[in-house]
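*Asks:* Sending over a structure as structure tokens; questions will come in a sec.
The values are calculated or read from the model by the stated rules, or taken from the named source; none is laboratory data. Computed from a prediction, not measured in an experiment: that's the story for all the values here. Neighbour counts run over all protein chains shown; Cβ positions are idealised from the backbone, glycine included. Ligands, DNA and RNA are stripped out before the accessible areas are found, and what is left, the full protein with its side chains, is counted by its heavy atoms. Shrake-Rupley method; radii C 1.70, N 1.55, O 1.52, S 1.80 Å.
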Amino acid sequence: MSESTRPALAGFQPERVEDPTLINLQDYEFLAAERLTPGALAYYTGGANDERTVADNRAAFGRRRIVPRVLRDVSHVDPSVEILGRRWPWPIWIAPTAFHKLAHPDGEVATARAAAARGITMVLSTSASTDLAEVAAVGGPRWFQVYLLADPGARLAHVERAVAAGYEALVLTVDLPRVGRRERDIRVGFTVPPEVSVPNIAAAAGLPLADGLNVAFADHMTWDDVTWLAGFGLPVIVKGILHPDDARLAIEHGASAVVVSNHGGRQLDAAIASLDALPAVVEAVDRRVAVLMDGGVRRGTDALIALALGATAVGIGRPVLWGLAVNGEAGVGHVLDLLTAELELAMALAGAPSLTDLGAEYVI
Ligand code: GLV
């Protein structure tokens, strides 16, 4: 490598450094905590009960170490991956999170723009604070996260709206038959402020915007609902899998991919960390479908560990909200650029110039 092609020590260069004090995702977390209202901060940061699973999602990465290989040509690192027939530039996706307008007035449109500019797939939440058609109009790769609404007519209308708006896949969240008990929300008395609504739910239920928050989700879902959703003709991705047998059942019921996830520790506290659940699910799936994961990914090295243990791609949820809170679209973009640059560097330093080089032997 000559100095003319790369200045010394300049291998790590995320595209946009807006603020020199923001050099990693945790910096964004700290700054976002100052910018968000106490209610929004509690809602975004919090998990269920004692937040053991929130902490363990992070700790699980800390329990592992990478065993790098050396003297492999890493002059060209290719972090791209094929998922559901599309080549993704990075094995990274934006996990669904609710109410982006709690973080920034531009809400989900800002997030979608940052993602689209990088070819990164955003999964829009049913509980988004922006209508799914408005987010779809941004363009870019997009999946839609589905909560099945209790009312059968609203449930059907909800899915039909997402299909009509051109979402490429439906991500069915299966770990929220009821909402977990988020004690931070209770302590600060969090309620969604009146200027933030859930238009997707309101539209599906045929209600005024302000009433969308009162629409009930179905708590009687079974595997038959996965089959039902697959009938819409789009790939169905089942999100919230922790047990290998559930991964097998998801495939049997028509899932095109699964997401190993515990909902960011927001649902069943003391549930197994996503990373700890990953290897058994990967084994059970046996390469039949993609295995995505989310929960605790904050560093490129975290992503590398999950990818080495068999994840096809890793999702980030809260860090996107921190980027949004700090600097809208540019903040989300910078968060994504920091993470992707870290992953690229980690791949080079681990001696894995492509994702196919990675395997479980890289991790102890
Ligand atoms: C919704 O999915 C939440 O976790 O609050």
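*Asks:* Just to check your reading of the model, which residue among A247, A255 is in contact with a strand residue (DSSP E or B) (Cβ under 8 Å, 6 or more places away or on another chain), within 24 Å of S127 (Cβ to Cβ) and modelled with pLDDT of 95 or more?
*Replies:* Of the residues listed, the single one that is in contact with a strand residue (DSSP E or B) (Cβ under 8 Å, 6 or more places away or on another chain), within 24 Å of S127 (Cβ to Cβ) and modelled with pLDDT of 95 or more is A255.
*Asks:* More than 16 Å from the ligand (Cβ to nearest atom) and in contact with a strand residue (DSSP E or B) (Cβ under 6 Å, 6 or more places away or on another chain): which single residue out of P68, P96, P91, P79 fits that description?
*Replies:* Result of the check over P68, P96, P91, P79: P91.
*Asks:* What about N49, is it in contact with a Gly (Cβ under 9 Å, 6 or more places away or on another chain), open to solvent by 50 Å² or more (accessible area, probe 1.4 Å) and within 16 Å of the ligand (Cβ to nearest atom)?
*Replies:* Yes; evaluated as a whole, the condition is true for this residue.
*Asks:* Considering only residues that are within 16 Å of the ligand (Cβ to nearest atom), open to solvent by 10 Å² or more (accessible area, probe 1.4 Å) and in contact with a strand residue (DSSP E or B) (Cβ under 7 Å, 6 or more places away or on another chain), which ones fall in region 123-142?
*Replies:* none
*Asks:* Taking the options A303, A352, A348, name whichever one is assigned to a helix (DSSP H, G or I) and open to solvent by less than 20 Å² (accessible area, probe 1.4 Å).
*Replies:* Every option except A303 fails the conditions.
*Asks:* Which residues, counting only those in region 104-122, are more than 16 Å from the ligand (Cβ to nearest atom) and among the hydrophobic types (A, V, I, L, M, F, W, C)?
*Replies:* V109, A110, A112, A114, A115, A116, A117, I120
*Asks:* Quick one: what pairs do we get from region 21-39, first residue open to solvent by 80 Å² or more (accessible area, probe 1.4 Å), second in a helix (DSSP H, G or I), C-beta under 6 Å, 6+ apart or different chains?
*Replies:* These pairs meet every condition: R35/A325; P38/V188.
*Asks:* Further question on the same structure: Return the residues of region 243-272 that are among the hydrophobic types (A, V, I, L, M, F, W, C), open to solvent by less than 10 Å² (accessible area, probe 1.4 Å) and either touching a Ser or Thr at 6+ places or on another chain (Cβ under 7 Å) or within 16 Å of the ligand (Cβ to nearest atom) (or both); say none if nothing qualifies.
*Replies:* Residues satisfying the conditions are V259, V260.
Per-residue answers, yes or no, for (1) of a type outside the set (S, T, N, Q); (2) within 24 Å of the chain's Cα centre (by Cα):
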| position | (1), (2) |
| --- | --- |
| V163 | yes, yes |
| E168 | yes, yes |
| V171 | yes, yes |
| V174 | yes, yes |
| R182 | yes, yes |
| D185 | yes, yes |
| T191 | no, yes |
| P199 | yes, yes |
| P208 | yes, no |
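*Asks:* Please verify whether D56 is modelled with pLDDT of 95 or more, within 20 Å of the chain's Cα centre (by Cα), of a type in the set (D, E) and surrounded by 20 or more Cβ atoms within 10 Å (Cβ to Cβ), treating the condition exactly as stated.
*Replies:* yes
*Asks:* Please determine, by comparing only the residues of region 162-175 that are among the small types (G, A, S) and outside any loop (DSSP other than H, G, I, E, B), which one is farthest from the ligand (Cβ to nearest atom).
*Replies:* The qualifying residue farthest from the ligand (Cβ to nearest atom) is A164.
*Asks:* Right, G153: surrounded by fewer than 21 Cβ atoms within 10 Å (Cβ to Cβ), more than 16 Å from the ligand (Cβ to nearest atom) and either among the acidic types (D, E) or farther than 24 Å from E329 by Cα (or both) or not?
*Replies:* For G153, the condition - surrounded by fewer than 21 Cβ atoms within 10 Å (Cβ to Cβ), more than 16 Å from the ligand (Cβ to nearest atom) and either among the acidic types (D, E) or farther than 24 Å from E329 by Cα (or both) - is met.
*Asks:* Exactly one of (1) open to solvent by 30 Å² or more (accessible area, probe 1.4 Å); (2) closer than 27 Å to A257 by Cα; (3) acidic (D, E) is unmet by E108. Its number?
*Replies:* Tallying (1) open to solvent by 30 Å² or more (accessible area, probe 1.4 Å); (2) closer than 27 Å to A257 by Cα; (3) acidic (D, E), E108 fails exactly one: (1).
*Asks:* Quick check on my filter: what residues within region 320-345 are more than 23 Å from L309 (Cβ to Cβ), surrounded by fewer than 24 Cβ atoms within 10 Å (Cβ to Cβ) and of a type in the set (A, V, I, L, M)?
*Replies:* The answer is A330, and nothing else.
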